[in-house]
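One structure below.
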Amino acid sequence: MPNASPLLRGISDVDSPDRVHHPPPPGRRRRPGLLPRVAPRPCQRTRAAADARLPVRLASVPPPHRRPRRPIPADRPDYPGFGHTHAPAGFTYSFDRLADVTEGFVQRLGLDRFVMYIFDFGAPVGFRLAERHPEWIAGLVVQNGNAYTEGLSDGARAFIALRPETPGAEQTIRDLLTPTGVRAQYETGVADPLLIAPDGWALDQYFLGLPGREEAQLALAFDYHSNVERYDLWHAWLREHTPPTLITWGSNDPFFPAPGAHAYLRDIPNAELHLFDTGHFALETHLPQIAPLIADFLDRTWNQQDSAVQQPGQSASGPDRTG
């Protein structure tokens with residue numbers, strides 16, 4: 001299957017610093033993972049063994065620049081307004097635009113088939129990509145990436161209902177972006193908060209403090225209702241395309257509680273569901289349990305994909321011309 005396994009370019013070692021790809025001089029071939037300078041330039045992190053089957057990981061807060069304690073190899077772009085990615089002045093922060101930039105990122109990498117890992121904001125971005133390019137999606141790994149009204153807590157519903165003209169709405173959102181608010185997002189629902197390393201929310205706070213970052217988060221918060229309005233379309237997409245799906249979910253998520261995980265089974269009944277006694281950032285506390293599930297799922301998904309493309313009378317080395 002040509003290009004079916006998205007092997008990563010620009011591989012870095014697990015223990016080395018994250019590396020940012022920069023545009024090459026004029027006349028030289030552009031390295032994968034770059035968009036033209038007139039567009040936002042996503043920062044990309046890549047790492048893996050040479051024969052790995054790797055997902056495209058779409059996340060949010062913690063910004064996609066954050067790597068789990070033991071990294072899960074993946075193509076992980078930072079969205080505009082997150083991490084190390086640069087956005088031009090006047091960029092419109094909306095989920096449609098995040099999807100536009102991520103679509104360009106994937107196309108620039110030359111990926112045409114991959115398993116998509118979606119978490120938090122990565123779910124609405126990822127499902128927009130799936131709508132536009134269903135042929136790209138070989139499978140889904142869903143980690144607290146909501147797409148159902150059942151998966152919205154009362155607090156999340158109140159948050160989504162905020163509009164710029166609502167008195168006090170802007171301050172409500174900004175309160176979530178303070179050091180206390182960011183730390184609470186990590187610790188709420190976690191049985192033992194001491195399991196959460198403090199460098200996570202500290203690093204998030206650094207990036208939120210960069211010029212224009214709070215304004216980007218405000219714009220995306222006020223646009224979140226556009227995702228809920230597309231839920232029915234995403235459910236129909238799941239029923240039509242029935243991608244192999246692994247769901248790992250922190251069941252005490254204050255934003256997206258466990259019913260949101262169970263709701264996926266209505267549209268993809270063969271999905272594999274695993275709930276964990278933790279909060280929104282399940283990988284912070286349960287990576288040793290979740291990572292093997294993902295690795296096994298990726299191996300099985302790619303084996304099925306490879307088998308499916310071998311036509312009758314055809315071997316892995318090509319058509320059978322004997323007889």
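Bear in mind these aren't lab numbers, they're just calculated from the coordinates by the rules spelled out. All of these numbers come straight from a predicted model, not from anything done at the bench. When we count neighbours, we look across all protein chains shown, and the Cβ atoms used for this are built from the backbone with ideal geometry, even at glycine.
Assorted remarks:
- None of 211, 198, 164 is farther than 30 Å from residue 133 by Cα and either in contact with a helix residue (DSSP H, G or I) (Cβ under 6 Å, 6 or more places away or on another chain) or aromatic (Phe, Trp, Tyr) (or both) except 164.
- Only one entry in 130, 156, 161, 138 is over 21 Å from the mean Cα position of the chain (by Cα) and of a type in the set (A, V, I, L, M), namely 161.
- Where a residue in the range 162-180 is more than 13 Å from residue 223 (Cβ to Cβ) and its partner, wherever it lies, is of a type in the set (A, V, I, L, M) and not in a loop (DSSP other than H, G, I, E, B), with Cβ under 8 Å and at least six apart: 170/218; 174/218; 176/182; 177/208
- Among the numbered conditions (1) surrounded by 20 or more Cβ atoms within 10 Å (Cβ to Cβ); (2) without any contact (Cβ under 8 Å) to a residue 12 or more places away in the chain, the only one that residue 229 does not meet is (1).
- Per the conditions (1) over 26 Å from residue 302 (Cα atoms); (2) of a type outside the set (Asp, Glu); (3) exposed (fewer than 14 other Cβ atoms within 10 Å of the Cβ), the sole criterion not satisfied by residue 134 is (1).
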